[in-house]
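Participant: Provided herewith is a single structure, encoded as structure tokens, for subsequent inquiry.
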Amino acid sequence: MTGREIKKLSEGRLIAAAADGDARAFGEIVRRYEQTVYRYAFKLCRDREKAEETFQDTFINVYRKLGSFDGRSRFSTWLYTIVTNNCLMRHRRRKVREIEESLEALESPETSAEGEFIHEIARWDETPVDLLLDRELRDHIEKAIGKLPPEYRIVFTLRDMEGRSTEETARIVGITSEAAKSRLRRARAFLREQLTPYMAHPVRRTNR
Amino acid sequence: MKCTEVYLHICDNLDRRLRTRRCREIRKHLRACRNCRAYLDSLKRTVTLYQSVPSPRLPKGAHDRLFRALKAHGCFPEPKTRRRAASVRRRP
């Protein structure tokens, strides 16, 4: 097969060719997915060097395991699973227990015995476009997402940043759909809490 | 429907217009409850803000470093590269 023919191959045929040892087919797989893999790895690792290490580990694993890919799930799902596992393996070497306790407390805003919210939920003011570009806010967002334990960050990233469904997210992480929903709920609540000082009282920030 | 139930379910369906009975009840509750509306609105904005932070592209040279790492692991013959790549950054 010529290089041009390989570029035109469907995903299924490309994977089959690479699994049969066609080096150029594997190279084309890398070319098609390298940006996706690196960006997803970066979103999980929050560090360029670790992201590149995860990126390398991922494609080494893909090369070694391609023959076992059975096509029952989408190739991208399989790829996300490998990146996720590589990232989790790196994180398991570090302790991340403290923040998980505070996430438990965010299960829901405080409620009365009747199930109504006790405190008034602060309304967020309109978000002007230039605020999204504000360096200070962006740094704050980066730090907040870095504080999330990886188990929560992975679910938030897959669902809200990569646009994966709850079911696919659960499959990638190896948990039930209910557990994926629960982690997403807590992750969003945590990230919302982190932004509330900015968004509920944006006037204060203009005095800096 | 109570705020706690709404809290548990709105997160799963932030923007989806589902027609289930539960979703109809949630919409009914939201019309009447300012707190839940504020909470839902702030959750949507939270997601939008996090989505707005750009993620970097693959660094220059990372593609070549990958193939060198693959070769170092006995996986893959080194491809012809357009320019001389930096040496493999790491690998045990």
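The values are calculated or read from the model by the stated rules, or taken from the named source; none is laboratory data. Predicted, not measured: the structure shown is a model, and the values here were computed from it. In this analysis, Cβ positions are derived from the backbone assuming ideal geometry, glycine residues included, and neighbour counts consider all displayed protein chains.
Participant: Can you pull out the helices (runs of 4 or more DSSP H) entirely within segment B:18-92 that have at least 3 residues that are within 11 Å of chain A (Cβ to nearest Cβ), surrounded by 14 or more Cβ atoms within 10 Å (Cβ to Cβ) and modelled with pLDDT under 90?
Facilitator: Answer list for segment B:18-92: B:34-52.
Participant: Consider segment A:139-153. How many of its residues are of a type in the set (Lys, Arg) and surrounded by 19 or more Cβ atoms within 10 Å (Cβ to Cβ)?
Facilitator: Final tally of qualifying residues: 1.
Participant: Looking at (1) more than 10 Å from chain B (Cβ to nearest Cβ); (2) more than 18 Å from the chain's Cα centre (by Cα), which one does A:Phe26 not meet, given that it meets all the others?
Facilitator: Among (1) more than 10 Å from chain B (Cβ to nearest Cβ); (2) more than 18 Å from the chain's Cα centre (by Cα), A:Phe26 violates only (1).
Participant: In segment A:35-58, how many residues are within 14 Å of B:Leu70 (Cα to Cα) and at the interface with chain B (Cβ under 8 Å from one of its Cβ atoms)?
Facilitator: 4
Participant: So, one more: Somewhere in segment A:135-158, is a residue more than 26 Å from A:Lys181 (Cβ to Cβ), modelled with pLDDT under 65 and either touching a Gly at 6+ places or on another chain (Cβ under 6 Å) or more than 9 Å from every other protein chain (Cβ to nearest Cβ) (or both)?
Facilitator: Checked segment A:135-158: no residue is more than 26 Å from A:Lys181 (Cβ to Cβ), modelled with pLDDT under 65 and either touching a Gly at 6+ places or on another chain (Cβ under 6 Å) or more than 9 Å from every other protein chain (Cβ to nearest Cβ) (or both).
Participant: Can you report the number of residues in segment A:42-71 which are among the hydrophobic types (A, V, I, L, M, F, W, C), touching a residue at least 12 places away in the same chain (Cβ under 8 Å), within 25 Å of A:Lys7 (Cα to Cα) and assigned to a helix (DSSP H, G or I)? Talk me through it step by step, then tell me what you get.
Facilitator: The first filter runs over segment A:42-71 and keeps only residues among the hydrophobic types (A, V, I, L, M, F, W, C), leaving A:42, A:44-45, A:51, A:55, A:59-60, A:62, A:66, A:69.
From what's left, touching a residue at least 12 places away in the same chain (Cβ under 8 Å): A:44-45, A:51, A:55, A:59, A:62, A:66, A:69.
This time we only want the ones that are within 25 Å of A:Lys7 (Cα to Cα), so: A:55, A:59, A:62, A:66, A:69.
This time we only want the ones that are assigned to a helix (DSSP H, G or I), so: A:55, A:59, A:62, A:66.
Result for segment A:42-71: 4.
Participant: Based on what the data block shows, is A:Glu162 within 12 Å of chain B (Cβ to nearest Cβ) and at pLDDT 90 or above?
Facilitator: Judged against the criteria, A:Glu162 is a match.
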